[in-house]
């Protein structure tokens, strides 16, 4: 059997994290992954290991990046709040002030904050879109501008799994004249040295790990895909499956990598995610660069909506302004004060302002579910065991 390639560093205090990382490969089906932990802006864990491909022929290296799905949303939310902080965007102003076409179908008064808090009622597009439309920016934002809310904005909340990025991204484009991927590099990735991209060219194609689909759940386990198939016109089905996959819109394709899908196609490293959240957890500044002011962070992480989710059946969620918060019945993060975002299949990043801690985990073997999977959860638990010592 080929020896598992593993590299990186781990502070002795956090040895349990390294043990859990290795155990994920030995016992829990991990193929390739990386985890990074930052405390008070100091890296205490930076590990990578396994393989970039399902054939286990290409080792995961320090410069491997991978599609992080909705972990992207937390990065984009942070970028968005930079423009709120500057006064370029007013959270309580109508979206239509910046994006006039958005006013169609009764959305003229819908405030910006509802785009971030999943309260806008625009979690899905009713009109069937052709396969591959997800990589076509103008198609997606035009459809959303025309769409009528599925519920009265502000009266409910439901996960805007795909549409979040196009809504927030188009507002940013209207305000700045630049696309999200460009803004990310200019505003955050470049100044902070974050290895994180939303849309990139073939010059980086040797770096991404290949995403491996999650195995199907056992018959007695919840399966969102089964619910789509049983009611393809439902809000949940439309939210996750319109546009349908195909036409270059699958996550290992060149078309997906080139596109800007700010809700789900960020490609990056655990180190990048942890560094960003580490800065937010420690007051908003790292190495002399201010990501956000403390008061901006406080506003961004305040609860906006909590309770049954209109899109995710049988789930209770709690949202801030672009970040997920832990719900008592769905403790995504270790403490109520943590904020961040998980990604479909298991990746995640979060900030813990009490511990001044930033956490990032990425992998290529996906697990079932939309929130932190077992492999990531074991690493988080190991981190907090170390902190309690």
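The values are calculated or read from the model by the stated rules, or taken from the named source; none is laboratory data. Computed from a prediction, not measured in an experiment: that's the story for all the values here. Note: ideal-geometry Cβ built from the backbone for every residue, glycine included; neighbour counts use all protein chains shown.
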Of (1) over 27 Å from residue 181 (Cβ atoms); (2) in a loop (DSSP other than H, G, I, E, B), residue 87 satisfies all except one. Which? (1)
If we keep only residues of the stretch 242-264 that are at pLDDT below 90 and either surrounded by fewer than 18 Cβ atoms within 10 Å (Cβ to Cβ) or in a helix (DSSP H, G or I) (or both), then the residue nearest to the chain's Cα centre (by Cα) is 250
Helices (runs of 4 or more DSSP H) lying entirely in the stretch 98-198 (those with 2 or more residues that are modelled with pLDDT of 95 or more and over 20 Å from residue 77 (Cα atoms)): 137-146
Residue 386 - would you say it is under 20 Å from residue 50 (Cβ atoms) and modelled with pLDDT of 95 or more? no
When the stretch 286-317 is checked residue by residue, the ones that are within 18 Å of residue 75 (Cα to Cα), touching a residue at least 24 places away in the same chain (Cβ under 8 Å) and in a strand (DSSP E or B) are 286, 289
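For every residue, the table says whether it meets (1) over 26 Å from residue 309 (Cβ atoms); (2) buried (at least 22 other Cβ atoms within 10 Å of the Cβ).
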| position | (1), (2) |
| --- | --- |
| 98 | yes, no |
| 102 | no, yes |
| 107 | no, yes |
| 119 | no, yes |
| 128 | no, no |
| 137 | yes, no |
| 141 | no, no |
Index of the failed condition, residue 13 passing every other in (1) within 22 Å of residue 357 (Cα to Cα); (2) buried (at least 16 other Cβ atoms within 10 Å of the Cβ); (3) in contact with a helix residue (DSSP H, G or I) (Cβ under 6 Å, 6 or more places away or on another chain); (4) touching a residue at least 60 places away in the same chain (Cβ under 8 Å): (2)
Go through the stretch 265-285 and report how many residues are part of a loop (DSSP other than H, G, I, E, B) and either modelled with pLDDT under 95 or touching a helix residue (DSSP H, G or I) at 6+ places or on another chain (Cβ under 8 Å) (or both). 2
In the stretch 337-371, residues that are touching a helix residue (DSSP H, G or I) at 6+ places or on another chain (Cβ under 7 Å), surrounded by fewer than 24 Cβ atoms within 10 Å (Cβ to Cβ) and under 10 Å from residue 71 (Cα atoms) total 0
